[in-house]
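Visitor: Sharing a structure here in structure tokens format.
The values are calculated or read from the model by the stated rules, or taken from the named source; none is laboratory data. Please read these numbers as outputs of a predicted model, since none were measured by experiment. Positions of Cβ are generated from backbone atoms using ideal geometry, with glycine treated the same way; all protein chains shown enter the neighbour counts.
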Protein chains: 2
Amino acid sequence: MAIKKTAATNGNGITLNDSRTKLGELDASKLIFTECKTLKAVPPPEQLKFGNVKTDYMLVTEYTPQAGWSAPEIKPYGPLSLDPACSCFQYCPNVFEGMKAYRGPDGKPRLFRPEKNMERLARSAERVALPGFDTDALLILIRCLVALESRWIPDIPGYSMYIRPTIIGTRPALGVAASDQNALLYVIMCPTGPYFRDATKRISLLAVGEHVRAWPGGTGGHKLGLNYAPGFLVQKAALEKGYDQVLWLLPGLEGEANGEGDRVTEAGAMNFFVVVRRSDSSDDVDVFTPPLDGTILPGVTRSSCLALLAAHNSGRFPLPGVSRERKTHPHESVITIGDLIRWAKEGRLVEAFGVGTAVAVAPIGKIGLGGLDVGEERRDELLFPDIEGLGMGQIARGLYDAITSIQTGRVAYDKWSVAC
Amino acid sequence: MAIKKTAATNGNGITLNDSRTKLGELDASKLIFTECKTLKAVPPPEQLKFGNVKTDYMLVTEYTPQAGWSAPEIKPYGPLSLDPACSCFQYCPNVFEGMKAYRGPDGKPRLFRPEKNMERLARSAERVALPGFDTDALLILIRCLVALESRWIPDIPGYSMYIRPTIIGTRPALGVAASDQNALLYVIMCPTGPYFRDATKRISLLAVGEHVRAWPGGTGGHKLGLNYAPGFLVQKAALEKGYDQVLWLLPGLEGEANGEGDRVTEAGAMNFFVVVRRSDSSDDVDVFTPPLDGTILPGVTRSSCLALLAAHNSGRFPLPGVSRERKTHPHESVITIGDLIRWAKEGRLVEAFGVGTAVAVAPIGKIGLGGLDVGEERRDELLFPDIEGLGMGQIARGLYDAITSIQTGRVAYDKWSVAC
């Protein structure tokens, strides 16, 4: 990806009024590049806290009813200037993506299945009635930005550069209506280490049914900014009770929350997986994750884990460290708290883990039951014994190793890893 | 309310470092006033579209971890400058209020039960883990702003100045965490006419169960910006099918949406009321609105309507145009689509209306059933016959007249109307 060539093609910001160009399409060939006068110093990797340090540049394009998408611009990272009545502040039609650029053994930056992020961003934008955009064009622009900023990717295993494409509604009026003619699309980036300091440290979850992250017919299946703020207070309460993250439950309309019928949905901002030993004498396992019923984010890592479990099972791509004889049967199916308790009682609950772009795979050590109001001395917990003393269980470790190897381009799988 | 005096007390923006002052409290006495060089021309009232024209000034105060709430400032209306990583764009911890300033017969601007908006704003902020603030101080500041800007309130019945207090999270980092140490609180205002061009024109609603506005354990009971964007697409679909607004339903987890068991929640961005004639021979009515179970916004107009219905019923404050003999029994109770259908079949469905700050009371003419996917030729509708040919039914009209009379200070009721 040749940023200089692209910028040089049309570096002056002047575009001819070509009547053949459909008004308003996002057009990567119109890229304008404004260079930073001075570049920032890259901090030592150990000082990087997720999402705090931003790189030198950002990509910005604005949608207006007069012109559609403006010529995209890569320019020095800096503040946005917006009317205080804008939808993004008032009604929150704001969507984003989480991607990472990894440094390959050849030193080149690589993206992981980026077309899936582009598709999801387009679906998210549509869900909150933001203007549509050309996903191929945006991916080209992101690859330019990553190539330009590749010095920010730490050359250390487990480190990467986090990429945050964002679209916000900028309609500057207070009537409750779609911001379908006014939007700002921008991409910012942050060099980052492991989301949790020690990737093998097992996290604890507090299962909560009083507060519900997503509901059928709601927006939990889309990557909308508005899905996250309602969790802040609950996350703080879980931390105060000594748990790392919330396990979000979905109770029915009737009856008490935190009952055995409550469905398990997501773990913090990660998709949830549980590994259950089969009741036959084999070492085979069933691996369950909740189905995409509208309450679950269709995670790229989730989809990749399901594919890799099936590929191990079929023998096409054995998971590192997992015997080829040990079958791993993936299932997208409803999981209730009652299921987890029953599997635990039967001694079949082997592993649980969360997956997502920020963490890859995060092993779960225990799940506290009963919700926010149970006194800690009376709380039941599901414990996942650390059988091998390695933090991660065998399946989580196998998926983690497979995915991170593919992400960094050390192992090839389909065309999941794309060099910039 | 003496804006000049308040500003003069500390007009230079310099505050002494008084160690007795608790760090960070919102302090109205520290108000800084920056005057506009030129004032805008007030457009003719007929050109006002809800929420498009802003007044000359806005109120702003910023919360930082170092200083808490900054000295509040009234300054020329203008853009906000914010880091693109701010929570307000990414995770949407953004809350707001809707209030109005009405011009009284004495020419003075008046607010309607503003302390209820302040309480709700504080509860909304707490729900998304924004910093707390002194509600009394904010109300003093809003009264200053309204007094300063009172020339913007059109002197025409049905017109007012809409007030939009807003708090947004400004934590400039991408980690998914509360913006409890970084926020911006601002108040902007727009002169406005009736929300619907003709206040007596009856609106049509399309009942939708496939998309759910709010659910138990969700955030529908708080005034969060994030409750609104998910409705944009559905609202557009309803408009395309010829309906003015969506009637939001809440189906259970099991079974098809749009069944008779679906609960009725809100009408567009309004609270929903339905008037049902009693089955005895009297002319008395039961007036139902859904209970505050966490899915319903605790509207100030909703609460006022319930109080006025009870006051009519007890004889304390007869509703204009409603016979004192005609009892109006208010109820906060679950209403299902099946209830509406049954009441219609029994000939007892008299009126329905939406209520809210923007509209006061908006009469409903019909409700389309079956959700988004029913062909229009096959759709069942609940019709509310316009018996008196006046648009509004007797109860809606009585409430509308009572509330607007109290808002403008023409009639006194408790201390609901407050002069600035």
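Visitor: Give segment B:57-67 a look and list any residue that's over 11 Å from residue B:30 (Cα atoms) and either within 28 Å of the chain's Cα centre (by Cα) or not assigned by the TED database to the domain that holds residue B:166 (or both), or say none.
Guide: Answer for segment B:57-67, where residues must be over 11 Å from residue B:30 (Cα atoms) and either within 28 Å of the chain's Cα centre (by Cα) or not assigned by the TED database to the domain that holds residue B:166 (or both): B:57, B:58, B:59, B:60, B:62, B:63.
Visitor: Does any residue of segment B:187-198 turn out to be facing another protein chain (nearest Cβ under 8 Å) and outside any loop (DSSP other than H, G, I, E, B)?
Guide: To start, the set of residues in segment B:187-198 that are facing another protein chain (nearest Cβ under 8 Å) comprises B:188, B:190.
When the remaining residues are screened for being outside any loop (DSSP other than H, G, I, E, B), the result is B:188, B:190.
Looking through segment B:187-198, at least one residue is facing another protein chain (nearest Cβ under 8 Å) and outside any loop (DSSP other than H, G, I, E, B).
Visitor: So which residues in segment A:237-259 are acidic (Asp, Glu) and assigned to a loop (DSSP other than H, G, I, E, B), if there are any at all?
Guide: First, the residues of segment A:237-259 that are acidic (Asp, Glu): A:240, A:244, A:254, A:256.
Once the filter is applied, which keeps residues that are acidic (Asp, Glu) and assigned to a loop (DSSP other than H, G, I, E, B), segment A:237-259 yields A:244, A:254, A:256.
Visitor: Considering segment A:56-115 alone, what residues qualify as being in contact with a Gly (Cβ under 9 Å, 6 or more places away or on another chain), part of a strand (DSSP E or B), surrounded by fewer than 24 Cβ atoms within 10 Å (Cβ to Cβ) and aliphatic (A, V, I, L, M)?
Guide: Across segment A:56-115, the qualifying residue is only A:58.
Visitor: Which residue is nearest to residue A:151 (Cα to Cα), if the candidates are limited to segment A:26-62 and must be among the hydrophobic types (A, V, I, L, M, F, W, C), away from chain B (no Cβ under 14 Å) and in contact (Cβ under 8 Å) with a residue 60 or more places away in the chain? Reasoning before the result, please.
Guide: From segment A:26-62, those among the hydrophobic types (A, V, I, L, M, F, W, C) are A:26, A:28, A:31-33, A:36, A:39, A:41-42, A:48, A:50, A:53, A:58-60; that's our starting set.
Now restrict to residues that are away from chain B (no Cβ under 14 Å): A:26, A:28, A:31-33, A:36, A:39, A:41-42.
Going one step further and asking which of them are in contact (Cβ under 8 Å) with a residue 60 or more places away in the chain, we end up with A:26, A:28, A:31, A:42.
Numbers: A:26: 27, A:28: 23, A:31: 21, A:42: 8 Å.
Residue satisfying both the conditions and the ranking: A:42.
Visitor: Exactly one condition in (1) assigned by the TED database to the domain that holds residue B:123; (2) surrounded by fewer than 19 Cβ atoms within 10 Å (Cβ to Cβ); (3) modelled with pLDDT under 95 is false for residue B:48; which is it?
Guide: Going through (1) assigned by the TED database to the domain that holds residue B:123; (2) surrounded by fewer than 19 Cβ atoms within 10 Å (Cβ to Cβ); (3) modelled with pLDDT under 95 one by one, residue B:48 breaks only (2).
Visitor: Any idea which residue in segment B:242-276 is modelled with the lowest pLDDT, counting only those that are over 30 Å from residue B:329 (Cβ atoms) and either buried (at least 16 other Cβ atoms within 10 Å of the Cβ) or under 17 Å from the mean Cα position of the chain (by Cα) (or both)?
Guide: Within segment B:242-276, the subset over 30 Å from residue B:329 (Cβ atoms) is B:242, B:253-257.
Keeping just the survivors that are either buried (at least 16 other Cβ atoms within 10 Å of the Cβ) or under 17 Å from the mean Cα position of the chain (by Cα) (or both) gives B:253, B:257.
Working: B:253: 81, B:257: 85.
Across segment B:242-276, the extreme among qualifying residues is B:253.
Visitor: Which residue is nearest to residue B:121 (Cα to Cα), if the candidates are limited to segment B:299-328 and must be assigned to a loop (DSSP other than H, G, I, E, B) and in contact with a strand residue (DSSP E or B) (Cβ under 8 Å, 6 or more places away or on another chain)?
Guide: Taking segment B:299-328 first, the residues assigned to a loop (DSSP other than H, G, I, E, B) are B:299, B:315-327.
Those left that are additionally in contact with a strand residue (DSSP E or B) (Cβ under 8 Å, 6 or more places away or on another chain): B:299, B:319, B:322, B:326-327.
Details: B:299: 12, B:319: 30, B:322: 34, B:326: 37, B:327: 34 Å.
That would be B:299.
Visitor: Determine which single condition residue A:234 fails, assuming it passes every other condition in (1) under 25 Å from residue B:229 (Cβ atoms); (2) of a type in the set (A, V, I, L, M); (3) in contact with a helix residue (DSSP H, G or I) (Cβ under 9 Å, 6 or more places away or on another chain); (4) not in a loop (DSSP other than H, G, I, E, B).
Guide: The number of the failed condition is (3).
Visitor: Residues B:90, B:66: which one is under 30 Å from residue A:239 (Cβ atoms) and either among the aliphatic types (A, V, I, L, M) or touching a residue at least 24 places away in the same chain (Cβ under 8 Å) (or both)?
Guide: Working: B:66 fails: either among the aliphatic types (A, V, I, L, M) or touching a residue at least 24 places away in the same chain (Cβ under 8 Å) (or both).
Checking each option against the conditions leaves just B:90.
Visitor: Same structure, new question: So which of A:323, A:333, A:279 is within 30 Å of residue A:228 (Cβ to Cβ) and either modelled with pLDDT of 95 or more or not aliphatic (A, V, I, L, M) (or both)?
Guide: Exactly one residue qualifies, and that residue is A:333.
Visitor: Sticking with this one: Those residues that are surrounded by fewer than 22 Cβ atoms within 10 Å (Cβ to Cβ), in contact (Cβ under 8 Å) with a residue 40 or more places away in the chain and not charged (D, E, K, R), I need them from segment A:134-147; list them, please.
Guide: The answer is A:137, A:140, A:147.
Visitor: Still on this structure: Test of understanding: among B:279, B:304, B:314, which residue is surrounded by fewer than 17 Cβ atoms within 10 Å (Cβ to Cβ), of a type in the set (Gly, Ala, Ser) and in contact (Cβ under 8 Å) with a residue 12 or more places away in the chain? Talk me through it step by step, then tell me what you get.
Guide: Working: B:304 fails: surrounded by fewer than 17 Cβ atoms within 10 Å (Cβ to Cβ); B:314 fails: in contact (Cβ under 8 Å) with a residue 12 or more places away in the chain.
Every option except B:279 fails the conditions.
Visitor: Next question. Could we say that residue A:210 is assigned to a loop (DSSP other than H, G, I, E, B) and of a type in the set (Asp, Glu) here? Steps first, answer last, please.
Guide: Working: assigned to a loop (DSSP other than H, G, I, E, B): yes; of a type in the set (Asp, Glu): yes.
The answer is yes for residue A:210.
Visitor: State the number of residues belonging to segment B:225-250 that are touching a residue at least 40 places away in the same chain (Cβ under 8 Å) and facing chain A (nearest Cβ under 7 Å).
Guide: Count: 3.
Visitor: So which residues in segment A:212-222 are touching a Pro at 6+ places or on another chain (Cβ under 9 Å), in contact (Cβ under 8 Å) with a residue 60 or more places away in the chain and at negative phi? Spell out the reasoning first.
Guide: Step one: list which residues in segment A:212-222 are touching a Pro at 6+ places or on another chain (Cβ under 9 Å), which gives A:212-213, A:215-219, A:221-222.
Now restrict to residues that are in contact (Cβ under 8 Å) with a residue 60 or more places away in the chain: A:213, A:215-219, A:221-222.
Result: A:213, A:215, A:216, A:218, A:219, A:221, A:222.
Visitor: Taking segment A:190-217 as the search range and keeping residues that are touching a helix residue (DSSP H, G or I) at 6+ places or on another chain (Cβ under 7 Å) and over 30 Å from residue B:256 (Cβ atoms), which one is surrounded by the most Cβ atoms within 10 Å (Cβ to Cβ)?
Guide: A:206
Visitor: Could you give me the residue pairs with C-beta distances under 8 Å whose first residue belongs to segment A:375-398 and is at positive phi, whose second residue is modelled with pLDDT of 90 or more and surrounded by 13 or more Cβ atoms within 10 Å (Cβ to Cβ) wherever it lies, and which are 6+ apart or on separate chains?
Guide: If the second residue must be modelled with pLDDT of 90 or more and surrounded by 13 or more Cβ atoms within 10 Å (Cβ to Cβ), the pairs left are A:391/A:202; A:391/A:363.
Visitor: Which of the residues that make up segment B:340-371 are under 29 Å from residue B:405 (Cβ atoms) and either of a type outside the set (A, V, I, L, M, F, W, C) or without any contact (Cβ under 8 Å) to a residue 12 or more places away in the chain (or both)?
Guide: Once the filter is applied, which keeps residues that are under 29 Å from residue B:405 (Cβ atoms) and either of a type outside the set (A, V, I, L, M, F, W, C) or without any contact (Cβ under 8 Å) to a residue 12 or more places away in the chain (or both), segment B:340-371 yields B:351, B:354, B:356, B:357, B:363, B:365, B:366.
Visitor: From the residues in segment B:63-95 that are aromatic (Phe, Trp, Tyr) and more than 9 Å from chain A (Cβ to nearest Cβ), which one is farthest from residue A:95 (Cα to Cα)?
Guide: Taking segment B:63-95 as the starting set, the residues that turn out to be aromatic (Phe, Trp, Tyr) are B:63, B:69, B:77, B:89, B:91.
In the following step, the residues that additionally are more than 9 Å from chain A (Cβ to nearest Cβ) were identified as B:63, B:69.
Details: B:63: 25, B:69: 29 Å.
This residue is B:69.
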